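The structure appears right after this line, and notes come after that.
Values in this text are rule-based calculations from the coordinates and carry no lab data. Note that the coordinates shown come from a computational prediction; the quantities given were computed from them, not determined experimentally. Using ideal geometry, Cβ is built from the backbone for each residue, glycine included, and neighbour counts are taken over all protein chains shown.
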Protein chains: 2
Amino acid sequence: MRETPPTAADPWDEVPGRLRARGLRWTPQRRTLLAVLAATRGHVTGAELVERCRAMDPATIPSTVYRTLDVLEELGIVRHAHGLDGREEFHVLPAADHGHIWCSGCLGTWDVHADEAAALVAVLAQRRGFRVDLSHLSVVGLCEGCAGEGQPGREAQRAG
Amino acid sequence: MRETPPTAADPWDEVPGRLRARGLRWTPQRRTLLAVLAATRGHVTGAELVERCRAMDPATIPSTVYRTLDVLEELGIVRHAHGLDGREEFHVLPAADHGHIWCSGCLGTWDVHADEAAALVAVLAQRRGFRVDLSHLSVVGLCEGCAGEGQPGREAQRAG
DNA sequence: GCAGTTGTTGCAACTTTTTGCAATAGCATT
DNA sequence: AATGCTATTGCAAAAAGTTGCAACAACTGC
């Protein structure tokens, strides 16, 4: 077998230690949520995470999940942005910092790479000293397909 | 007396007609909300609007307000974006299309002028054919003051 | 001015998330 | 292994919106 890399092969293995290092605790409920998150790709809403946790442990309490998500966000293990309807969309272990765009027509979503947002970030930094949280950036509008087929006017559709 | 301008001196006076032109109706409940909106500057949440309507008419029903806001948004009379916590923030009669920035430290908010977002809008249009809805754009991060005093790291604070 | 059409309202139930608080249970220490 | 400190949990209630549906009432046409 291989040697274990210095900083742990699986980043999830570091979580209990990082919690304890801050005086926080590693509980069964947190173990459940972490297991769910480890199996998650892309975006998930809080409600979806609650549901998935309940699938693993029917005794799951929503408020515990939401509070744990707050803790994990402080540790940088998850990040959240807001979907079309403003609902929180969680994002696991962000490899590269990026934002999101949402099409209000087809409800599709895509990543916005850092370089695409670089100009906005730079302008706000220079003109206002504002530091943009890129992972929280959600840009809403119409994707190519929806912009084409719909009226050339504006989009008024709302997410359901 | 003066001549009335072709397109009505007060834009609010046009609303009943624009509703009827679409086969929609001008009701007392809508009159109340419009009166509240006419007296509103800057941002308001849906809940605040419900409260203000209730001040004028205690019989106000929340769902009626929210549904009317949807209609008014389709007419372009209000627009909404999302605040720090994802809650809807309505914006009356947008003179110039603009976005918003929110400081997750002090909860302050400022307008983002179209030219500040121009580069982002242009990049997404060119690279993806995506049409950004600028009035829906909410950029979160730390303002100059909060970025300075806090740790140079990241912001983890959440709106209450 | 009356009647019909159908857009709106009021209501109740439900979803999603937050908050306060007492009871529970991690974890470091002894 | 027992103990204490206090972070977490579970629960219940509340806030903010949304949705389905039957009853109501604008507006159009006659």
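Results, tabulated for the structure shown:
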{"item": "MRE, 222 nm, helices only [DSSP H, n ≥ 4, -39500 (n - 2.57), over chain B, to nearest 500]", "result": "-11500 deg cm²/dmol"}
{"item": "Gaussian network model of chain B, Cα within-10 Å springs - most flexible of B:THR27, B:THR109, B:THR45", "result": "B:THR27"}
{"item": "Two-decimal Rg to Rh for chain A - Kirkwood Rh, Cα set", "result": "1.04"}
{"item": "Student exercise, chain A dipole from Lys, Arg, Asp, Glu Cβ charges, in Debye to nearest 20", "result": "620"}
{"item": "Cβ-vector label at 7 Å, A:ASP111, separations to other copies in nm", "result": "3.5"}
{"item": "Potential extension, B:ALA38-B:ALA125 segment - 0.36 nm per residue separation minus Cα distance", "result": "27.9 nm"}
{"item": "Most mobile listed residue (A:SER104, A:SER63, A:SER138) in chain A, GNM with C-alpha springs under 10 Å", "result": "A:SER63"}
{"item": "Cβ-derived FRET efficiency at R0 30 Å, A:ASP115 paired with A:ALA47, nearest 0.05", "result": "0.35"}
